[in-house]
Structures are given as C-alpha cells and as structure tokens.
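What follows is one structure encoded as structure tokens, with my remarks underneath.
Each reported figure results from applying straightforward, stated rules to the coordinates on display, with no laboratory input. Because the structure is a prediction, the values reported are computed rather than measured. Note that we place each Cβ from the backbone using ideal geometry, even for glycine, and neighbour counts take in every protein chain shown.
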Amino acid sequence: MGRLIVGKSILSQKLIKNGLEKQIKNSTYDLTIGEIFPAGEKKKTVKEGDFYYLKPRQAVLVLSKEEFGLPSTVTGIATLRTTLTKKGLLALNVGIVDPFFNGPISTTLINFSEREVPIHLGMPFFRVVFMEHDDVSEHHKVNEDKSYRVYREEIEVDAYRDFPQNFMNLPKFDNQFYARTALKMIKGLSWKYWYFSIPFWLFVLSLLGYIFSNEQYIEYLSSGLKWLKLTVPFF
C-alpha cells in the first residue's frame, strides 16, 4: 500500500522542480497556468496579468508553469480544481503522471457553461496528489520526458491545427431545430419502413384529391395566391 507525499516534502524531494510553497494545499499541490493557447487561433498569446475569456463551448490548451521531476517510486494523479468545474469547465486529459516523467503537463479546457469564463496566467488549474510506491524501474520502457520549449511548440501547433474555435459545435435547441429533427425522422422512417407509410401517404393523396376536386377550396387557393402576388414581390 502506497502513501501520500504531502506538504513541504513535495518541494524538498523536487517532485515539482520550480514549485512554490504557497501552492501546497493540504495533501496536494496546485499547478498553475504558464501558457494559454486558444484553439483555432494562430500565434495568439495571453500576457501576464491579462484575462482570457473562454466563450461557451470554446476550447483552449493550457501548459503548466511548473515542471515535474518524478523518481521511479512516485506517481502523480492530476485532477481539475473544483472551483473550475463549478464554473462549467471540463479538462479532457486528466489522470496519471508517470514515474520518471520530467517536464510540464498540459490539458484542454472546454467551457460547457452558457457564459464566458475568465482564465489567466498563474491561475491554479490542476490539483496533484503524489503517491509513493515500490520501485518500477524494471517496468520503465519509454522515455516520455518533455522540455518546456519543445512541449510549448507542440501545443501551439496542435491548438491551431487540430482544434476548432468552437470545439463542441452543439446545435441551438430552438423550434427550428426540433422542426428539422422531426422532418428528418419522418423522412428516415418513411424510407426505411415504406410499407408502413403507404396508408399514410394514401390518406394524404386522397385528402389532396378531395381539396382540388372541390371548387370552393380551389377558390380559396386562387384568392390566396392572388394575395401573395400583391403582397410578396417575388411571387
């Protein structure tokens, strides 16, 4: 059974290389935002002290200011801070920071709320728990270290190339949306289960036949078309 590494031991053991004591909270360490890369925007930079307002359903990639330096006996577990989840933000890639890892970590933040959410450099975003365990050197196969410069360049390219500005292009659920959806459902069901739709279309055709065979209804239609021609120019 492993044990948690807490308090100043996180810094004294250099699990966080450039960490600050003020970011230690109970049994965890709060990572802060070092870089913000808005999705779909090329060479967009957010300066120190500036707020970036994350729009509804918009995504940004963020890179931690701090860098890890984990030995073979420690695993980190990163989760998004509750204060951000309460504002409607979701982090796509949270979870394990493997033993032997050296470098910063990143995540994609998506705003699932209906209002803008401000974020800024130096803002705490991940809470990290450090778990001490048996040495896993014999299971270490691939070096996944990332220098800050290289990781920053990769994320900047990914943010512009692989993520649209509105990562979640959710439809607007208004009357038009429901009407279009209903028509698609009717069309799809009619095509797939055509033998069930035959009675319905026979009824529609007979109703139309009755309307056009009745002179009174024809007069109503004629007067309606005349009114459209007078009131709507392109008719």
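Kindly state, to the nearest 0.05, the FRET efficiency for Glu138 paired with Leu4, given R0 = 22 Å and r defined as their beta-carbon distance.
Details: r = 24 Å, r/R0 = 1.09.
So the FRET efficiency works out to roughly 0.40.
From the phi of every residue in the stretch 137-152, what ³J(HN,Hα) in whole Hz does the Karplus formula 6.51 cos²θ - 1.76 cosθ + 1.60 yield, where θ is phi - 60° and glycine or proline is x?
Along the stretch 137-152, the couplings run 4, 5, 9, 7, 10, 10, 7, 10, 4, 9, 6, 4, 5, 5, 5, 4 Hz.
As an exercise, identify the trypsin sites (Lys or Arg not before Pro) in the stretch 39-68 lying in DSSP coil whose Cβ has no more than 13 other Cβ atoms within 10 Å.
Details: sites: Lys42, Lys43, Lys44, Lys47, Arg57, Lys65; in loops: Lys42, Lys43, Lys44, Lys47, Arg57, Lys65.
When the trypsin sites (Lys or Arg not before Pro) of the stretch 39-68 are filtered for loop state and at most 13 Cβ neighbours within 10 Å, Lys42, Lys43, Lys47 remain.
Please report how far the C-alpha centroid of the stretch 97-150 lies from that of the stretch 1-65, rounded to the nearest whole angstrom.
8 Å
Once you list every other residue whose beta carbon is under 12 Å from the beta carbon of Arg81, what net charge do they have if Lys and Arg are +1 and Asp and Glu are -1?
+3
Once the piece of chain linking Arg115 and Asp145 is laid out straight, how much longer is it, given 0.36 nm per residue of separation minus the C-alpha distance between them?
Taking Arg115 through Asp145 to full extension adds about 7.1 nm, to one decimal.
Find, among the trypsin sites (Lys or Arg not before Pro) in the stretch 125-154, those assigned to loop by DSSP (not H, G, I, E, B) with at most 12 other beta-carbon atoms within 10 angstrom.
Here the sparse-neighbourhood loop sites are Lys141.
At 7 Å along Cα-to-Cβ for each site, give me the label-to-label distance between Glu41 and Lys25 in nm.
Between Glu41 and Lys25, the simple spin-label model gives 2.6 nm.
Compute the signed sum of charges (Lys and Arg +1, Asp and Glu -1) over the other residues within less than 9 Å, Cβ to Cβ, of Phe126.
My count for the surroundings of Phe126 gives +1.
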